[in-house]
1. Within the set of pairs 6 or more residues apart or between chains, which connect a residue that is assigned by TED's automatic domain parsing to the domain that holds TYR77 and under 12 Å from ASP9 (Cα atoms) inside region 34-53 to a residue that is charged (D, E, K, R) and at pLDDT 90 or above with Cβ atoms less than 7 Å apart?
2. Since SER48 meets every condition but one in (1) over 26 Å from the mean Cα position of the chain (by Cα); (2) more than 16 Å from LYS19 (Cβ to Cβ), which condition does it not meet?
3. Of the residues ILE210, ILE230, ILE225, which single one is exposed (fewer than 12 other Cβ atoms within 10 Å of the Cβ) and among the β-branched types (Val, Ile, Thr)?
4. Mind telling me which of the residues GLY139, GLY76 ends up being part of a loop (DSSP other than H, G, I, E, B), small (Gly, Ala, Ser) and either at pLDDT 85 or above or assigned by TED's automatic domain parsing to the domain that holds ASP27 (or both)?
5. Let me spell it out: the conditions are (1) surrounded by 15 or more Cβ atoms within 10 Å (Cβ to Cβ); (2) modelled with pLDDT of 90 or more, and VAL174 meets all of them except one. Which number is the exception?
6. Given the conditions (1) among the hydrophobic types (A, V, I, L, M, F, W, C); (2) at pLDDT below 80; (3) touching a Lys or Arg at 6+ places or on another chain (Cβ under 9 Å), which single one is not true for PHE145?
7. Answer yes or no as to whether GLU150 is surrounded by fewer than 17 Cβ atoms within 10 Å (Cβ to Cβ) and at pLDDT below 90.
8. Having 2 or more residues that are closer than 25 Å to ARG111 by Cβ and touching a residue at least 12 places away in the same chain (Cβ under 8 Å) is the bar; report the strands (runs of 3 or more DSSP E) wholly within region 166-222 that clear it.
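The values are calculated or read from the model by the stated rules, or taken from the named source; none is laboratory data. As the structure is a computational prediction, the values presented were derived from the model and not from experiment. Virtual Cβ from ideal backbone geometry, glycine too; neighbours counted across all protein chains shown.
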Amino acid sequence: MAIRCFVLDDEPLATDLLKDYIGRLPDLELVGLSNSPTQAFRLLQQTSAAGAPVDVLFLDIQMPRLTGFDILRPLGYRPKVIFTTAFREYALDSYEFDVLDFLVKPISFERFLQSVGKIYRFSPTMPISDDSPEPTKIGKDYQYFKVDKEMVKLFLEDILWIESLKDYVRIHTVSGTLVSYLRISYLEEKLPPDRFVRIHKSFIVALDHIQAVSATYIRINNEEIPIGRIYKAKLEEVLQRD
């Protein structure tokens, strides 16, 4: 089963954009879309009463008559919520509802993918569609990376190490390498720290794939990856913890 998504935004261009983004990912299914808060509220209640509540609600905040907050308070159940808004000042108020993410318009596809990643990170039981090309990896954490003109799906367990190329990174995986337009500092923040550690200004390694550790390098896949002096203490701390 795919993740059931509902989009509510009073701006048709905004709903069309999110509809397009959701349609690009096979693990997501758009089950409802509305530009009317009152109509959306009825639809959300109906789906819940029918025993098929939505999993994720992409919800605008500032709308005519009702705000996104007004929709959530009386809803009766709490789907995972990703707020979408042009107004940054709502960010603090949104945390009252334990939202999954807060997207500020205009929303890029890359930023949208980060939110999708959080669905799995904070909801490990969320289903993945039956047409996933690798059924043995169902339920595994993954992220999308922009490679040329495509968004490529990589399972985190398949990443061996990541190498910085200034504004790009080369990602070494069990099946080969790819280059993505990302900074290594961004990945250092986004990758789970219990699975990845930065060992050099130019390298992040996957802890599960480490074969050996010396004073100056880590060996993964029979390749020696240098350990930077300023990262050595953090690496020792992580290895002792594991």
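1. ASN35/ASP9; ASN35/ASP10
2. Failed condition: (1).
3. That would be ILE230, the only listed residue that is exposed (fewer than 12 other Cβ atoms within 10 Å of the Cβ) and among the β-branched types (Val, Ile, Thr).
4. GLY76
5. Here VAL174 meets the rest and fails (1).
6. Condition not satisfied by PHE145: (2).
7. Values: surrounded by fewer than 17 Cβ atoms within 10 Å (Cβ to Cβ): yes; at pLDDT below 90: yes.
For GLU150, the condition - surrounded by fewer than 17 Cβ atoms within 10 Å (Cβ to Cβ) and at pLDDT below 90 - is met.
8. Details: elements: 168-173, 176-180, 196-200, 203-206, 210-213, 217-220.
Answer list for region 166-222: 168-173, 176-180, 196-200, 203-206.
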